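Okay, structure first, notes after.
Each reported figure results from applying straightforward, stated rules to the coordinates on display, with no laboratory input. For clarity, every value in this text was computed on a predicted model and none was experimentally measured. When we count neighbours, we look across all protein chains shown, and the Cβ atoms used for this are built from the backbone with ideal geometry, even at glycine.
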Amino acid sequence: MIKVGIIGATGYAGSELVRLLTSHPQAEITCLTSQSYAGKKYAEVYESYRHIPYICEEEDIEKMAEQCDVIFLALPHGVASKKVSESVLSKCKVIDLGADFRLSDLDTYEKWYTTHYSKDILPEAVYGLCEINREKIRGRRIVANPGCYTTCSILSMYPLVKEGMVELSSIIIDAKSGATGAGRSLSLPNHYCELNESVKAYKIASHRHTPEIEEQLSKAAGEEVIISFTPHLIPMDRGILATCYATLKDSYTYEDIRAAYEKHYGGEYFIRLTKEGTFPETKWVKGSNFVDIGFTVDKRTGRVIVIGALDNLFKGAAGQAVQNMNILFDIDEKTGLDYVPIFPA
C-alpha cells in the first residue's frame, strides 16, 4: 500500500483528495493536516465523512516525510516552496497542487506570484500534465500538479500547436469556472447573492494561469506563445469550460483537425473526443477525471474553435494529482479514478 499524507486536507481540493484516496485500492491515508481544524475530527469539517475516523493533525512535514511514501500539498500559492526541502524529498515524493513548482522560469513565477523559497528544488520539478508529460513524471521526486484552467486550456489546444496547424499569435481562450475554483475561504464575490444569477469576467489580462498556459504551449510549439486568456465565474459548484479560438495556417478540414487530435489522444483513456457537431458540456464530466474536447472549423473566418470541459476539482485538481501518484508508483493510471460522471447533478 502507498502511504499517503495530505497537507491542507480541509480545502475543496484537499477534501476531494481525501474522498478519492479513501477508496483507492492501493493507497492508505496515514495522516492529514489542517491549519484551521487541527485536533478536530474530519467529520466535524465535512459531515459526509462521519463514517471515517480521520483526525486533522498539526502539520509537521518532516515527520510526515518519514511516515509517508508521498505527500500531497493542497495549499495556497506561495506556501509550498517554504515547506519542500531536500530533506523532505530524500524521504518521500511530493505532489504540489499549488503553483509554486509549475513554472520552470523563476523570474516569471516571481513576477506573477511571489518570492520563491525553494530555488534549488525548482529545476527538479516536473509539470504533471499526465497525458503530455507521462514519461517525464516517472521516477521524479516532485510533481507540480497543473491548475484547472490550464489543464483544460492546454489539453484543448496542444495537438494543434504541436502539429503547427494554427497561427500562434492568434490564440484566444475564453474560460468559465464554477465557484469551487476560488477555494473554500470566505470572500464577498463568492457569497450566494453576489454570485447567483450572474456571470462575470475577472482578472482580465492578468490571471495567474496565463503564464502557465503560455509556457506549456511554447514548449509544444518550440517557440514563444503569447495568448489572450479571460476567465469567467459561473454560478455553479464545479466545472471548467474553455472555448479556444485560433487562426488556421492552411485550409484544414474537420477531418484534418480530427486526425491531429486522434494522433495525440487516441490512446488516452481520460481524454474523450466528441463526435462532429457535438460539443462538450460541464455536466458530462462532473465527478470524473475525464476531459471532453470537441471542435469545429469556421470556414468563413478561417479559424478553428475548440471546446474543452472538465471537473475543476477532479481532473483539474485532485483527480489529476492521484493520476500523477499512480504514474509515480508505476500502477495503472485509472486506479482509484475510473468513475463514470455523475448525471444528473
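Search the structure for amide H atoms under 5 Å from the amide H of residue 239, placed 1.01 Å from N in the peptide plane, and list their residues when 5 or more places away or on another chain.
Close amide H contacts, sequence-distant or interchain: 178, 312, 313.
Top mean-square fluctuation among 91, 162, 82, Gaussian network model of the chain, C-alpha springs under 10 Å?
Fluctuation is largest for 82.
Report, to the nearest 10°, how far helix 209-221 tilts away from the longest principal axis of the Cα atoms in the chain, using its own Cα long axis and a range of 0 to 90°.
The helix 209-221 is inclined about 60 degrees to the chain.
If you count the DSSP beta bridges with both ends in the chain, what percent of them are antiparallel, to the nearest 5?
DSSP beta bridges in the chain are roughly 45 percent antiparallel.
Round to the nearest 10 and give me the degree value, 0 to 90, for the angle of helix 254-265's Cα axis relative to the longest principal axis of the chain.
20
Amide H neighbours of residue 339 under 5 Å, counting only residues 5+ apart in sequence or on other chains, H built in-plane at 1.01 Å?
It is 289, by chain and number.
Setting aside same-chain residues fewer than 8 positions from residue 41, which aspartates and glutamates have a Cα under 14 Å from its Cα?
Reachable aspartates and glutamates: 57, 58.
Tell me the relative contact order for the chain as a rounded percent, counting alpha carbon contacts under 8 Å between residues six or more apart.
So the answer I get is 17 percent.
May I ask what percent, to the nearest 5, of DSSP beta bridges between residues of segment 2-151 are antiparallel?
5
Can you tell me the length gained on complete extension of the stretch residue 259 to residue 23, counting 0.36 nm per residue apart and subtracting the Cα distance?
81.3 nm
Taking the DSSP beta bridges in segment 149-310 as the whole, what percent of them are antiparallel, to the nearest 5?
75
What list of ³J(HN,Hα) couplings, whole Hz, do you get for segment 23-35 from phi and the Karplus terms 6.51, -1.76, 1.60, once you set θ to phi - 60° and write x for glycine and proline?
9, 6, x, 10, 10, 9, 6, 9, 7, 9, 10, 8, 5
Considering only 241, 133, 251, whose Cα is most displaced toward the positive end of the charge dipole of the chain, charges sitting on Cβ of Lys, Arg (+1) and Asp, Glu (-1)?
Result: 241, furthest along the dipole toward the positive end.
Does segment 2-124 come out rounded, prolate or oblate, given a ≥ b ≥ c as the square roots of the eigenvalues of its C-alpha gyration tensor, rounded meaning a/c under 1.5 and, failing that, prolate meaning a/b above b/c?
prolate
Under 25 Å between alpha carbons, and skipping anything fewer than 8 positions from residue 111 in its own chain: which lysines qualify?
82, 83, 119, 176, 203, 219
Relative to the longest principal Cα axis of the chain, at what angle does helix 319-328 sit, 0 to 90 degrees, rounded to 10?
Its long axis makes an angle of about 80 degrees.
Could you give each residue of segment 137-146 its phi-based ³J(HN,Hα) in whole Hz, using Karplus coefficients 6.51, -1.76, 1.60 with θ = phi - 60°, and x for Gly or Pro?
6, 4, x, 7, 9, 9, 10, 8, 6, x
Once you keep just the Cα pairs under 8 angstrom separated by 6 or more residues, what percentage relative contact order results for segment 49-135?
26
So if I place +1 on the C-beta of Lys and Arg and -1 on the C-beta of Asp and Glu, and nothing else carries charge, what would the dipole magnitude of segment 220-271 be about its Cα centre? I want it in debye, nearest 20.
I would put it at about 160 debye.
For mean projected area of the Cα convex hull in nm², pick the label among (1) 17.0; (2) 21.8; (3) 20.7 that corresponds to the value derived from the coordinates.
Read-out from the structure maps to (1).
Can you give the relative contact order of segment 139-240 as a percent, counting alpha carbon pairs under 8 Å and 6+ residues apart?
44
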